[in-house]
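Here is the structure we will look at, set down as structure tokens.
The values are calculated or read from the model by the stated rules, or taken from the named source; none is laboratory data. Everything quoted here is computed from the prediction, not taken from an experiment. All Cβ positions, glycine included, derive from the backbone under ideal geometry; neighbour counts span all protein chains shown.
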Amino acid sequence: MNNKIIYLDNNATTKIDEKVLESMLPYMKEEYANPSSMYDFSKKSSNAIKEARGVIKDFVNAADEKEIIFTSCGTESANTAIRGVLNYNKNKKHIITTKVEHPCVLNVYKHLEKQGYKVDYIGVNSNGELDLEQLEQAITPDTALVSVMWANNETGVLNPIEKVSQIIKSKNKEAKLFVDAVQVAGKIPIDVQANGIDLLGISGHKFHAPKGVGALYINSKTMITPLIIGGHQERGKRAGTENVPYIVGLAKAAELAQDSLEFEATEIKRLRDKLESNILKTIYNARLNTGVANRVPNTTNIGFEYIEGELILLHLSDIGICASSGSACTSGSLEPSHVLRAMNVPFTAIHGSIRWSLSRFTTEDEIDYVIEKLPSIIEKVTSISPYQKELEQLKALHSK
Amino acid sequence: MWDYSEKVMDHYRNPRNVGTIDDADAIGSAGSLACGDQLKIYLKIKDNIVTDAKFQTFGCGSAVASSSILTEMIIGKTVDEVRKITNKDIADELGGLPPEKMHCSVMGYEALEDALKSYHADGYIDLEELKGEETKEKMICTCFQVTENVIWDAIKQNGLKTVEEVTNYTKAGGACGKCRSAIQDIINTYYNKEKSEESMTTTQWILKVNNVIETQISPELQKDGGDIELVDIKNKTIYVKLKGRCSGCKNSTMTLKSFAEKILQDSLGSDITIIEVK
């Protein structure tokens, strides 16, 4: 076994950019003052936060710095947004979301359902694209909140947020739109104003900042009841002494991500497409789970029929390749991915679905290595499957 | 990342005895493609000894390891010895499995049991015919197609005490979760049966039933101006009389079945039936 790590699981988390780490270090060493303090020594900390807020404001193209609050992660951003809007506006009891949201959002709604909210879960088609007609029909005067992820973490499929916003506002001007943007931050440009977004959450560790920091955009016309009560920090919307070094790191990561958006759209996309087309060409029981859907540039989700994902991942791990699977066995739950189920991925392929997610640190050599090694791993796993007859048929189809 | 033993890793990396046996004397299977794991096992038996075993598995690392080691465990053994192998033996031989993966060892056991069910020294029975028999068993978990017998065996062989453990070992209850109360009932019944069969006299049983009625059921009915009285007990059948406002109430059957019987079943086991004496 070699020690080389080929990390193709960047939708799970990313490595910290060296420049991000460097930017944080002074605030972990000498500049440790509480930004709320009154002496000169705290000026550097409080200025750092102010600057960081400006950077994140630009990163999502908010109108005002006041619209940005810092949080501890994407999950906190989502919880603050969702519960914050609903608790502020308690007379409305209807929520709309999608069947393919991340669990950090989905489980909040499952919880709210138990508290008496009515939640509509909008479906997707077999490519993972949102059913906009169903969304439009679901909106009522009682709808308090619509929550739609920008890109799906498992498939990378993008939702047409601008269109979603138009649909919502045309039927109910009061209803708020929360966008979980965790999987688009650093991958495509974010513009909250152009897309008519009321609240938007991001998480640092998905774009080369460390774990433990996120941000939430709340537009100035949207009121929330805070989730975390205490001091006056973040204009009372999120109490707790600011995590200065991590906030600085988040901002640095956002700057670097902003600068590499072009690279993301061209080079990373090229490598992703190379990996994808080679797998589909050389492996007869591979299928692209998203079809022609519009996706973020770094993600591909490929199902391998009649074999199971965990076993593929274990063999990949043995040669240093890190990816993830929507299979039941990997997650510890017994059911395969709710996203792939919502897409009606055939059950012959759902358990063998593998997500590959690249980053700006992924190299062409790494992609070539995967392209070289994967066929023999799939072959090995396929050879012990009880479905040899079905596999033979697939093979015949593929060679045609 | 699962904490797999060296042996588990060795077996999924280099599975032994993969394949099929064309003239197998016994074939067994467990699991399904839809459920996420499936195992097929083929046995060659000569003079009551398993001379060869092969497997094919659709499943995760621990499923492959369980199947692979099972074939090693049974080759060279007599049919009677093989019949005694439990899922626990498979897991132990692998140096243990993570709790959430115990169902893989159960799948090995089930496939083996299935194969031996079809084995008769004079030849082997049509598998489809057996499948038909199997479906007659009471299905508890419809998501993963787990029958009462499989759950019962897992409880018995591994001393399982909670629904979560049953889910880890059999997958039952791991998806929609609707059958969790039914699994709890099976656990209760299993341990009540053990207890009642071991030690309880008829008098103790009557006192126990009466205690549940007096402390849990009667006070609730009294709130609505009714009451309930124990008339007779015949094993698990309990005869009661409804009194006060309950007696003429048109909802009395519902009170009896969905309320009183449920409380008795929760406390004393799911095989309790309640009957009203007018």
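For A:Glu364, work out the one condition from (1) without any contact (Cβ under 8 Å) to a residue 12 or more places away in the chain; (2) surrounded by fewer than 22 Cβ atoms within 10 Å (Cβ to Cβ) it doesn't fulfil.
Here A:Glu364 meets the rest and fails (1).
May I ask you to list pairs of residues, at least six apart or on different chains, whose Cβ atoms are under 7 Å apart, with the first in segment A:344-355 being within 11 Å of chain B (Cβ to nearest Cβ) and the second being assigned to a helix (DSSP H, G or I) and among the aliphatic types (A, V, I, L, M)?
A:Ile350/A:Leu340; A:His351/A:Ala328; A:Gly352/A:Ile312
Go through the residues of segment B:8-20 one by one and say whether even a single one is crowded, with 22+ Cβ neighbours inside 10 Å and more than 14 Å from chain A (Cβ to nearest Cβ).
No: zero hits.
Being within 23 Å of the chain's Cα centre (by Cα), away from chain B (no Cβ under 14 Å), among the hydrophobic types (A, V, I, L, M, F, W, C) and part of a helix (DSSP H, G or I) is the filter here; which residues of segment A:272-324 pass it?
A:Leu275 - this is the single residue of segment A:272-324 that is within 23 Å of the chain's Cα centre (by Cα), away from chain B (no Cβ under 14 Å), among the hydrophobic types (A, V, I, L, M, F, W, C) and part of a helix (DSSP H, G or I).
When residues of segment A:345-385 are filtered for being modelled with pLDDT under 95 and over 15 Å from A:Ala286 (Cβ atoms), how many remain?
Adding up the residues that qualify gives 1.
Working only within segment B:46-70, note down all residues that are out of contact with any Ser or Thr (no Cβ under 7 Å at 6 or more places or on another chain) and either more than 7 Å from chain A (Cβ to nearest Cβ) or among the aromatic types (Phe, Trp, Tyr) (or both).
Step one: filter segment B:46-70 for residues out of contact with any Ser or Thr (no Cβ under 7 Å at 6 or more places or on another chain), giving B:46-47, B:50-52, B:59-62, B:65, B:68-70.
Within segment B:46-70, B:Lys46, B:Asp47, B:Val50, B:Thr51, B:Asp52, B:Ser62, B:Ala65, B:Ser68, B:Ile69, B:Leu70 qualify.
So which residues in segment B:152-176 are within 14 Å of chain A (Cβ to nearest Cβ), over 9 Å from the mean Cα position of the chain (by Cα) and not in a helix (DSSP H, G or I)?
B:Lys171, B:Gly173, B:Gly174, B:Ala175, B:Cys176, listed by residue number.
Looking for something small (Gly, Ala, Ser), in contact (Cβ under 8 Å) with a residue 24 or more places away in the chain, touching a strand residue (DSSP E or B) at 6+ places or on another chain (Cβ under 6 Å) and at negative phi - is there at least one such residue anywhere in segment B:62-72?
yes
Looking at A:Ala215 and the list (1) in contact with a helix residue (DSSP H, G or I) (Cβ under 6 Å, 6 or more places away or on another chain); (2) surrounded by fewer than 22 Cβ atoms within 10 Å (Cβ to Cβ); (3) of a type in the set (Gly, Ala, Ser), which single condition is not satisfied?
(2)
Being more than 22 Å from A:Trp150 (Cβ to Cβ) and under 20 Å from the mean Cα position of the chain (by Cα) is the filter here, so list the residues in segment A:41-82 that pass it.
Passing the criteria: none in range.
Within segment A:229-236, does at least one residue satisfy the condition of being surrounded by fewer than 24 Cβ atoms within 10 Å (Cβ to Cβ), touching a residue at least 24 places away in the same chain (Cβ under 8 Å) and under 23 Å from the mean Cα position of the chain (by Cα)?
Looking through segment A:229-236, none of the residues is surrounded by fewer than 24 Cβ atoms within 10 Å (Cβ to Cβ), touching a residue at least 24 places away in the same chain (Cβ under 8 Å) and under 23 Å from the mean Cα position of the chain (by Cα).
Just the residues that are among the aliphatic types (A, V, I, L, M) and either closer than 18 Å to A:Glu276 by Cα or touching a Pro at 6+ places or on another chain (Cβ under 8 Å) (or both), please, taken from segment A:341-386.
Answer for segment A:341-386, where residues must be among the aliphatic types (A, V, I, L, M) and either closer than 18 Å to A:Glu276 by Cα or touching a Pro at 6+ places or on another chain (Cβ under 8 Å) (or both): A:Val345, A:Ala349, A:Ile350, A:Ile354, A:Leu358, A:Ile367, A:Val370, A:Ile371, A:Leu374, A:Ile377, A:Ile378, A:Ile384.
For a quick check of your reading of the model, give me the residue pairs whose first member lies in segment A:108-125 and is small (Gly, Ala, Ser), whose second is surrounded by 16 or more Cβ atoms within 10 Å (Cβ to Cβ), with beta-carbon atoms closer than 7 Å and at least 6 apart or on different chains.
A:Gly116/A:Lys93; A:Gly123/A:Lys99; A:Gly123/A:Ala342
Filtering segment A:325-341 down to residues that are in a loop (DSSP other than H, G, I, E, B) and modelled with pLDDT under 85, which residue is nearest to the other protein chains (Cβ to nearest Cβ)?
Among those that are in a loop (DSSP other than H, G, I, E, B) and modelled with pLDDT under 85, it is A:Leu334.
Taking segment A:167-183 as the search range and keeping residues that are more than 19 Å from A:Val124 (Cα to Cα) and polar (S, T, N, Q), which one is surrounded by the most Cβ atoms within 10 Å (Cβ to Cβ)? Walk me through it before giving the result.
Initially, segment A:167-183 is screened for residues more than 19 Å from A:Val124 (Cα to Cα), giving A:169-176, A:182.
Okay, now just the ones that are also polar (S, T, N, Q), so A:170, A:172.
Working: A:Ser170: 10, A:Asn172: 18.
Filtering first and then ranking leaves A:Asn172.
Mind listing whichever residues of segment B:239-278 are in contact with an Asp or Glu (Cβ under 8 Å, 6 or more places away or on another chain), crowded, with 16+ Cβ neighbours inside 10 Å and part of a strand (DSSP E or B)?
Matches in segment B:239-278: B:Val240, B:Leu242, B:Ile274.
Residue under question is A:Glu372, and the condition is that it be surrounded by fewer than 17 Cβ atoms within 10 Å (Cβ to Cβ), touching a residue at least 24 places away in the same chain (Cβ under 8 Å) and more than 28 Å from the chain's Cα centre (by Cα); does it hold? Write out each step before concluding.
Working: surrounded by fewer than 17 Cβ atoms within 10 Å (Cβ to Cβ): yes; touching a residue at least 24 places away in the same chain (Cβ under 8 Å): no; more than 28 Å from the chain's Cα centre (by Cα): yes.
No: the conditions fail for A:Glu372.
Mind checking which residues of segment A:356-369 are in a helix (DSSP H, G or I) and either of a type in the set (Asp, Glu) or touching a helix residue (DSSP H, G or I) at 6+ places or on another chain (Cβ under 6 Å) (or both)?
A:Glu364, A:Asp365, A:Glu366, A:Ile367, A:Asp368
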